[in-house]
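Below: the structure, in structure tokens.
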Amino acid sequence: MDLQDILTNSKINERFKSGDAIEILNLQDEAYQYLYADDGVLHLMNMETFDEIELPSSACEGGEDAVAMLEDGMNIAVSFLTTPEDGRKPVTFKLPSNYTFTVETVVERAGQAAKGTVYKTATLTNGAKLQVPEFVHPGDRIIVDIESRKYMKREL
């Protein structure tokens, strides 16, 4: 069986006999809202209980690229691990697969006689940069695939 440590992401291959006993731990996702970041520590709030928790930015399942896409008020899923030794504690978090951002600025390209879609660099209100089609302008709301950091479509 291939096993992965949730906390360190290290993987091992383990063999079990039919009589071996294993301990089953509980991993549960809960909805939280991103509030702000302070020196690599993210502050999150549960929207039902208004409890606040702190997680290091390194706990993001998408890595530093996904952390760069965080925006104030974004809903994220926090995974809580329950163990007999430590009790219930947050271990990782995951951003939504896609999210609607507002374009702050775009770098206009010089006129080109190109076939197909021409892309230009856009800066979002959270400071992230990505390539968008030429018809996107500042103030437009666009839907972005967070995992690939690619433009999907304009919000209607």
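For beta carbons closer than 9 Å, sequence separation of 6+ or different chains, a first residue in the stretch 10-32 that is not assigned by TED's automatic domain parsing to the domain that holds THR49 and a second that is of a type in the set (Asp, Glu), the qualifying pairs are LYS11/ASP2; LYS11/ASP5; ILE12/ASP2; ILE12/ASP5; ASN13/ASP2; GLU14/ASP2. The set of residues in the stretch 144-156 being hydrophobic (A, V, I, L, M, F, W, C) and outside any loop (DSSP other than H, G, I, E, B) consists of VAL144, MET152.
The values are calculated or read from the model by the stated rules, or taken from the named source; none is laboratory data. Note that the coordinates shown come from a computational prediction; the quantities given were computed from them, not determined experimentally. A quick note on method: Cβ atoms are made from the backbone with ideal geometry, for glycine too, and the neighbour counts reach across all protein chains shown.
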